[in-house]
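Written out below as structure tokens is the structure these notes cover.
Coordinate-derived values only; no laboratory data. Please read these numbers as outputs of a predicted model, since none were measured by experiment. Cβ atoms come from the backbone with ideal geometry, glycine included; neighbour counts cover every protein chain shown.
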Amino acid sequence: MPRLPSHWGALPFHMDQNWVDSFREKLDQHYAWPEIYVFKFIVPTGKEEQVKKLFPNNTATEKLSKQGNYTSVTIQAMMPSSDAVIELYQLAAEIEGIVAL
């Protein structure tokens, strides 16, 4: 299952249209839709459920940070298109303190 290149880094959650267009292009170059896409988020501990509600039909894997302040949430989801991926990132951006990797 392909992953985005690590040099793309964390996703900015103030996504302007130029960034969205560039991200869509990169996704379409690396994926053949529909395809399983791996979402990984880091959230303040206690906000995991907000992330998981965005993916009601998928199983999430969680890992608590060393000091317990943050939790990483990883979800594999079958996605129909790059637009669907971007839409979920935009919905996730509403969660206070979230970081997408």
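A few comments on the model shown:
- Ordering of 75-87, 50-62 by burial proxy (mean other Cβ atoms within 10 Å per residue, highest first): 75-87, 50-62
- From the coordinates shown, Kirkwood radius over Cα pairs in Å corresponds to which of [x] 14.0; [y] 15.2; [z] 16.1: [x]
- Cross-link reach list, aspartates and glutamates versus Lys52, counting only Cα pairs under 17 Å and skipping chain neighbours closer than eight places: Glu62, Glu87, Glu94, Glu96
- In the chain, helices alone account for a calculated mean residue ellipticity at 222 nm of -8500 deg cm²/dmol, with every DSSP H run of four or more residues adding -39,500 (n - 2.57).
- Per-residue ³J(HN,Hα) for the range 34-46, Karplus 6.51 cos²θ - 1.76 cosθ + 1.60, θ = phi - 60°, Hz, x for Gly and Pro: x, 7, 6, 10, 9, 9, 9, 10, 10, 10, x, 3, x
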